[in-house]
1. Which one of the conditions (1) free of Cβ contacts under 8 Å to residues at least 12 places away in the same chain; (2) within 20 Å of residue 137 (Cβ to Cβ) does residue 47 fail to meet, given that it meets all the rest?
2. Of the residues in region 2-20, how many are of a type outside the set (S, T, N, Q), open to solvent by less than 30 Å² (accessible area, probe 1.4 Å) and not in a helix (DSSP H, G or I)?
3. Taking residue 248 as the residue in question, decide whether it is closer than 27 Å to residue 269 by Cβ, acidic (Asp, Glu) and in contact (Cβ under 8 Å) with a residue 12 or more places away in the chain.
4. May I ask you to list pairs of residues, at least six apart or on different chains, whose Cβ atoms are under 9 Å apart, with the first in region 182-197 being under 19 Å from residue 256 (Cβ atoms) and among the hydrophobic types (A, V, I, L, M, F, W, C) and the second being away from the ligand (no atom under 14 Å from the Cβ) and not in a helix (DSSP H, G or I)?
5. Let me confirm something: among 254, 248, 259, which residue is charged (D, E, K, R), open to solvent by less than 20 Å² (accessible area, probe 1.4 Å) and within 23 Å of residue 35 (Cα to Cα)?
6. Can you pull out the helices (runs of 4 or more DSSP H) entirely within region 129-211 that have at least 1 residues that are at pLDDT 95 or above, within 16 Å of the ligand (Cβ to nearest atom) and under 23 Å from residue 35 (Cβ atoms)?
7. Is it the case that residue 103 is touching a residue at least 40 places away in the same chain (Cβ under 8 Å) and either of a type in the set (S, T, N, Q) or over 25 Å from residue 6 (Cα atoms) (or both)?
Amino acid sequence: MAVYTGFNEATALECKGQSLLADLEECEKNGFDYIEIRFDSVRDYLKDHTLDDLAQWFAAHNLKPWAYNTLIFFNQRNEAGVKEIDDEVDFIIEVSEAIGMKTLVTVPSFDVVKEDGNPYSIEEFRDEAVTRLQYLADKVAPHGLRISLEFCGAPGCSINQFGTAYEVVKAVSRDNVGITLDCFHFHGMDSHWEDLENADAKKIFILHLNDVENLPIGQLADIHRVWPGEGVLELERTFKILKDKGFEGVCTIEEFRPEYYELSHAENVKTAYEYTKAIVDKYFG
Ligand code: ZN
């Protein structure tokens, strides 16, 4: 496997005329290899289509499904929250089996504090996340699914640096659990380069491509993402590390920028493809 181009549906999410089907058609037209499907988009689609329709669409086109985005807030949940996660995972299994999708992305909970109002320690967050991920990994394994943990580079996120997320993934110790490297999130809480340099490339299941405005650490939000190369991220350094490690998989563009939502849907996807293809050719070609 080499490195392929991918489109995350967040990139065009609020464009006029966006839908799962519109994203599929435009991604196919422009030449994307893979698409990451969003939880809200697929549910909208299923209001007037079936999973069989979706499977047939993929069977008839070159574009393939890469991952499900996102199983939100898998850790630090109460009893009702744990049930919600179980139900969502059942749904993800059903979708994935229907269309041959092999990976689900999950993000950690935000703004979790103890009953006395104090924060949990990194070890407390880690140990609980490990237990939850082991449970979820064993639940999805019989269906051939992998789980990719996406740390978020924000102060309130319970797992917010690459190194912490990687430690969780290692401690989970399951072949079907790996990490998502989102370039924006890596910078968001100033993750350590040596943690990336020391990581096993085979454990990087998902790669999210983007860039960001020059704002202080801790103040970056999704809306500050920009097209790759238009911001301050050290993309060259990141991709050189990945290439040297022999990274293989999909390089998926993921933007959330209001300005890009003002583009026509077709223009948004076309622009996303041009940026993604240029990066893949330059660093992995
Ligand atoms: Zn991401």
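The values are calculated or read from the model by the stated rules, or taken from the named source; none is laboratory data. Since the model is a prediction, treat every value here as computed from it, not as a measurement. Here the Cβ positions follow ideal geometry from the backbone for every residue, glycine too, while neighbour counts run over all protein chains shown. With ligands, DNA and RNA removed, areas are computed over all heavy atoms of the protein, side chains included. Shrake-Rupley method; radii C 1.70, N 1.55, O 1.52, S 1.80 Å.
1. Tallying (1) free of Cβ contacts under 8 Å to residues at least 12 places away in the same chain; (2) within 20 Å of residue 137 (Cβ to Cβ), residue 47 fails exactly one: (2).
2. Number of matching residues: 4.
3. yes
4. From region 182-197, the pairs are 183/234; 184/231; 186/161; 189/155; 189/161; 189/217; 189/218.
5. Being charged (D, E, K, R), open to solvent by less than 20 Å² (accessible area, probe 1.4 Å) and within 23 Å of residue 35 (Cα to Cα) holds for just one of 254, 248, 259, which is 254.
6. Those helices (runs of 4 or more DSSP H) span 183-188.
7. Yes; evaluated as a whole, the condition is true for this residue.
Each row is one residue, and each column tells you yes or no for (1) open to solvent by less than 20 Å² (accessible area, probe 1.4 Å); (2) not β-branched (Val, Ile, Thr).
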{"residue": "89", "(1), (2)": "yes, no"}
{"residue": "95", "(1), (2)": "yes, no"}
{"residue": "111", "(1), (2)": "no, yes"}
{"residue": "114", "(1), (2)": "no, yes"}
{"residue": "118", "(1), (2)": "no, yes"}
{"residue": "128", "(1), (2)": "no, yes"}
{"residue": "139", "(1), (2)": "no, yes"}
{"residue": "144", "(1), (2)": "no, yes"}
{"residue": "157", "(1), (2)": "yes, yes"}
